[in-house]
1. Could you list, in sequence order, the residues of region B:57-91 that are among the β-branched types (Val, Ile, Thr) and assigned to a helix (DSSP H, G or I)?
2. Name the residues in region B:106-125 that are open to solvent by 90 Å² or more (accessible area, probe 1.4 Å) and not in a helix (DSSP H, G or I), would you?
3. From the set of residues in region A:65-107 that are of a type in the set (S, T, N, Q) and open to solvent by 20 Å² or more (accessible area, probe 1.4 Å), which is farthest from B:Val176 (Cα to Cα)?
4. Does B:Thr94 count as closer than 26 Å to A:Leu76 by Cβ and either at pLDDT below 90 or not in a helix (DSSP H, G or I) (or both)?
5. Can you tell me which residue is farthest from A:Ile106 (Cα to Cα) among those in region B:163-173 that are open to solvent by less than 70 Å² (accessible area, probe 1.4 Å) and facing chain A (nearest Cβ under 8 Å)?
6. Based on what the data block shows, is B:Phe60 among the hydrophobic types (A, V, I, L, M, F, W, C), touching a residue at least 60 places away in the same chain (Cβ under 8 Å) and touching a Leu at 6+ places or on another chain (Cβ under 9 Å)?
7. More than 11 Å from chain B (Cβ to nearest Cβ) and either open to solvent by less than 40 Å² (accessible area, probe 1.4 Å) or touching a helix residue (DSSP H, G or I) at 6+ places or on another chain (Cβ under 7 Å) (or both): does that describe A:Glu123?
Amino acid sequence: MSDRDGSRPDERLDGRLDSDGVARQRPVYSESQVIMTTVKVVIPFVMTYGLFITFHGADTPGGGFQGGAIIASVFLMIAFAFGIESTREWLANSLVVGLGTVGVFIFGAIGFGPLLLGGNFLEYTRYEPLLGDLLGLKEYEFVKYGMEAVEILGIAFIVSGVLMGLFFALAAGYSPSTDSLAVTGDRRDGADTATMEDTDD
Amino acid sequence: MIPPVDAAPVLQSVGITPIEIALFVFVLITAVLTALFRDVLAAIVVFAAYSLGLALIYTFYRAPDVGLTEAAIGAGVTTVFLLLTIAKTTRPATDELFEPIDWPAVAVCGLFALVVGSTLFAFPAVGDPLSPILQNGEVTGYYLANAYSETGAHNAVTSVLAAYRGFDTFGEAVVVFAAGIASLLVLGREVFTT
């Protein structure tokens with residue numbers, strides 16, 4: 001809404017006072033060829049690095065948390081370069097919510113599974129009698145790959161999903177973005193909406 | 001990365017190196033500047049530099065996992081969120097570079113720093129073989145000695161996080177998830193994106 005039409009060229013970008021002494025809200029997005037090109041070049045490397053940190057976390061520094069944050073930062077960069085509003089429309093809500101929810105579910109399932117098998121929380125080796133022949137893994141390998149599953153499918157999913165979600169929720173601000181909700185939920189916070197609508201409608 | 005498994009503690013304290021001094025001075029200056037800058041944008045940028053300095057210190061002290069987290073979350077994502085926040089609000093205009101200094105607050109902070117700083121002398125030197133963590137390292141020593149054979153992970157930190165202390169990690173992951181839900185609740189929204 002306010003993000004979408006904020007690219008007027010005469011608008012000052014630093015958000016300082018204009019000559020009339022009124023503090024204007026800076027436009028959230030202004031199109032920049034330099035930033036878009038840079039982000040396009042950098043994204044594959046950042047994504048690869050994030051995936052490496054995630055997948056290689058058991059053998060080198062890193063893990064699901066750090067890797068998930070780096071993967072989420074890819075989407076943050078896309079939003080900065082191509083506009084938060086258009087990125088939000090491009091990024092499905094089900095992906096963001098799904099990453100977080102599926103992550104918690106997988107971590108919980110792997111964690112509580114051994115309890116059902118008569119062991120302790122996250123006791124990976126309890127899976128061995130059940131799945132050992134099926135997967136062809138030795139006992140200690142269950143710990144290794146169980147940890148990988150928790151790091152990748154659990155923590156990295158949760159962190160990347162939630163960080164993306166936080167970013168777009170913060171960017172959207174207090175008022176709900178869908179039109180049906182805007183009628184009822186827009187005016188609950190007078191001070192905030194006043195400054196947010198101060199742009200250029 | 002791979003900790004010495006059976007090696008006797010042959011670590012020697014090397015004292016404080018010029019790199020450490022430079023990093024500490026950098027972190028100290030950026031921390032003070034974060035508090036002093038009147039312009040919010042300048043404060044956020046300096047705060048990101050502070051996080052980056054901290055990440056370097058962590059890496060320097062052989063804690064690359066913590067350093068990575070600090071760089072990704074502290075210097076990266078937090079900065080983006082703070083920038084987003086000032087983009088959504090107005091920024092008080094000023095021509096002054098620094099905040100006026102509140103001397104009573106400086107006195108309180110100084111006193112606090114003195115009290116906390118007085119405990120510094122109780123710390124062993126970095127890498128001191130006589131430090132309690134190496135002398136009575138039952139827990140640490142067990143992890144370092146058995147992490148690879150028991151979990152198959154070269155990174156002992158990962159094996160502690162995802163296996164030995166997995167329940168804590170599960171709690172932390174759920175906290176992150178809850179933070180996402182809470183943000184929707186606070187903002188009065190039902191969806192993250194459209």
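1. Kept after step one, since they are among the β-branched types (Val, Ile, Thr), are these residues of region B:57-91: B:57, B:59, B:66, B:69, B:73, B:77-80, B:85-86, B:89-90.
B:Ile57, B:Thr59, B:Val66, B:Thr69, B:Ile73, B:Val77, B:Thr78, B:Thr79, B:Val80, B:Thr85, B:Ile86, listed by residue number.
2. B:Phe123
3. Step one: filter region A:65-107 for residues of a type in the set (S, T, N, Q), giving A:66, A:73, A:86-87, A:93-94, A:101.
Remaining after also requiring open to solvent by 20 Å² or more (accessible area, probe 1.4 Å): A:73, A:86, A:93-94, A:101.
On the way: A:Ser73: 16, A:Ser86: 26, A:Asn93: 18, A:Ser94: 18, A:Thr101: 11 Å.
Step by step, filter region A:65-107, then rank; the result is A:Ser86.
4. no
5. As a first pass, look at region B:163-173 and keep what is open to solvent by less than 70 Å² (accessible area, probe 1.4 Å): B:163-164, B:166, B:169-171, B:173.
Among the residues that remain, those that are also facing chain A (nearest Cβ under 8 Å) are: B:163, B:166, B:169-170, B:173.
Working: B:Ala163: 15, B:Gly166: 14, B:Thr169: 13, B:Phe170: 11, B:Ala173: 11 Å.
Looking at residues that are open to solvent by less than 70 Å² (accessible area, probe 1.4 Å) and facing chain A (nearest Cβ under 8 Å), I get B:Ala163.
6. Judged against the criteria, B:Phe60 is not a match.
7. Here the answer is no, as A:Glu123 does not meet what is asked.
Matching residues to (1) in contact with a Phe, Trp or Tyr (Cβ under 6 Å, 6 or more places away or on another chain); (2) assigned to a loop (DSSP other than H, G, I, E, B); (3) buried (at least 18 other Cβ atoms within 10 Å of the Cβ); (4) of a type in the set (Val, Ile, Thr):
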| position | (1), (2), (3), (4) |
| --- | --- |
| B:Leu130 | no, yes, no, no |
| B:Ala147 | no, no, yes, no |
| B:Ala153 | no, yes, yes, no |
| B:Thr158 | no, no, yes, yes |
| B:Leu161 | no, no, yes, no |
| B:Val175 | no, no, no, yes |
| B:Leu185 | no, no, no, no |
| B:Thr193 | yes, yes, yes, yes |
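The values are calculated or read from the model by the stated rules, or taken from the named source; none is laboratory data. No experiment lies behind these values; they were computed from the predicted model shown. All Cβ positions, even for glycine, are placed from backbone atoms using ideal geometry, and neighbour counts span all protein chains on display. Just so you know, the surface numbers come from the protein's heavy atoms only, side chains and all, with ligands and any DNA or RNA stripped out. Shrake-Rupley method; radii C 1.70, N 1.55, O 1.52, S 1.80 Å.
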